Amino acid sequence: MKNGATKEQIEAVIKRVEELGMKAHPVYGEQKTIIGCIGNEDILRAHPVEPYEGVESVQAITKPFKLASRDFKKEDTVIEVKGIKIGGGNFVVMAGPCSVEGKDMLFETAKKASEAGARVLRGGAFKPRTSPYDFQGLGEEGLRYLQEAAKEYNMAVVTEIMDAREIDLIDKYSDMFQIGARNMQNFSLLKEVGKSRKPVVLKRGMAATVKDLLMAAEYIMSEGNGNVILCERGIRTFETYTRNTIDMNIIPSAKELSHLPIILDPSHGTGKRSLVTPLALSGLVAGADGIMIEVHPKPEVALSDGPQSLRFNEFDDLMEKVKKYLEFENRRLG
Ligand code: PEP
Ligand code: MN
């Protein structure tokens with residue numbers, strides 16, 4: 001729509017698009033409103049909407065991902081959750097244990113992480129473990145601790161949803177959903193979180209291309225939830241020294257292709273504590289909109305991912321560096 005198109009003009013176009021049997025996805029920007037029209041392109045050729053008042057132009061998006069595409073929306077998407085901004089120059093730090101193991105360890109971690117500048121508390125209550133005999137998470141009890149600790153330390157909660165049947169439960173206790181790497185193409189789960197308006201951290205599958213990741217984002221967005229945060233967490237390669245290989249290419253690539261924010265998880269990306277800080281900073285410089293870091297009071301006894309979890313003092317050092325780099329780049333903590 002043209003700059004300054006009226007509400008009535010916008011609504012008339014949405015109504016027309018829907019009458020024609022297409023799905024309308026309006027994005028209300030500060031200057032411009034864009035109306036994504038999902039459906040068969042031929043319809044708009046046969047019944048043009050250009051003559052409608054307030055319409056600036058009609059453009060076909062040729063990429064398979066439409067709503068996620070930079071062609072559809074030029075400006076960076078900024079996602080807001082509990083006053084925390086993610087994207088468009090706002091850098092978010094999500095930190096916490098791999099799994100919520102108990103109340104004390106979680107409160108202690110939340111305290112230290114928030115003091116150092118993390119605004120989002122991470123932690124799994126339902127864990128996707130490779131072995132069914134490994135610790136599976138505390139379930140609802142863990143969610144309760146996350147909510148309480150976040151309240152105490154003024155943070156937002158992100159936690160993984162593994163099963164669409166748990167959506168109401170996780171919705172009740174969290175501020176953001178996390179879709180794990182193993183579920184990136186669980187399309188029924190993507191559709192389910194798409195029906196919510198809560199932000200979704202969508203982690204890249206271990207063998208997913210950037211296009212696969214953006215198509216997964218499209219699943220969520222096509223249900224009406226545009227609040228998707230992409231996350232690089234390393235992919236499988238022939239390398240075995242590290243747990244995964246971080247594909248740093250994807251950060252600027254995703255930014256070229258999409259307006260969505262993208263964050264980096266160097267904890268799962270490397271699997272090694274000593275590599276987390278250098279890779280986190282590399283991600284920042286590559287243009288990531290944030291980092292997700294595993295932190296544990298005593299990684300030696302962690303029930304999951306101890307070898308990649310930072311100690312508190314290591315997290316403090318990382319955050320000092322993050323702040324300096326952000327200052328240099330004229331960016332800020334979200
Ligand atoms: C996690 O962040 O807790 C996790 C399981 O990560 P991923 O899905 O990337 O393996
Ligand atoms: Mn983990």
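The values are calculated or read from the model by the stated rules, or taken from the named source; none is laboratory data. The shown structure was predicted, so the numbers you read here are calculated from the model rather than taken from an experiment. All Cβ positions, even for glycine, are placed from backbone atoms using ideal geometry, and neighbour counts span all protein chains on display. Surface areas here come from the heavy atoms of the whole protein model, side chains and all, with no ligands, DNA or RNA. Shrake-Rupley method; radii C 1.70, N 1.55, O 1.52, S 1.80 Å.
Descriptive notes on the structure:
- The range 288-311-the range 9-88 distance, computed between alpha-carbon centres (Å): 40
- Separation of the GLU80 and ASP168 label points, Cα + 7 Å toward Cβ, nm: 3.0
- Across the chain, Cα pairs under 8 Å and at least six residues apart give a relative contact order of 17 percent.
- Taking every protein chain into account, the accessible area of the range 118-204 amounts to 42 square angstrom per residue (probe 1.4 Å).
- Convex hull volume of the C-alpha atoms in the chain, normalised per residue: 134 Å³.
- Per-residue ellipticity at 222 nm, computed for the chain from helices alone with -39500 (n - 2.57) per DSSP H run of at least four residues, works out to -10500 deg cm²/dmol.
- Cross-link table LYS127/LYS211; LYS112/LYS298; LYS103/LYS272; LYS191/LYS211; LYS7/LYS198; LYS73/LYS203, entries beyond 20 Å C-alpha to C-alpha: LYS127/LYS211; LYS103/LYS272; LYS7/LYS198; LYS73/LYS203
- Carbon plus sulfur fraction of accessible area for the range 4-77, probe 1.4 Å, in percent: 51
- Cα pair distances exceeding 19 angstrom across the range 242-334, given as percent: 41
- Packing, as the average of other Cβ atoms within 10 Å across residues, places the peptides 215-223, 18-26 in the order 215-223, 18-26, highest first.
- The order of the peptides 250-256, 231-237, 91-97 by mean Cβ neighbours within 10 Å, most packed first, is 91-97, 231-237, 250-256.
- The relative contact order of the range 1-142 comes to 15 percent, based on Cα pairs under 8 Å that sit 6 or more residues apart.
- Between ASP104, ASP168, ASP317, the residue with the greatest mean-square fluctuation in the GNM of the chain (Cα pairs under 10 Å linked by springs) is ASP168.
- Short-range pairs are left out: with C-alpha atoms under 8 Å and at least six residues apart, the relative contact order of the range 92-173 is 32 percent.
- Descending principal axes extents, the range 4-119, alpha-carbon based, whole Å: 63, 28, 21
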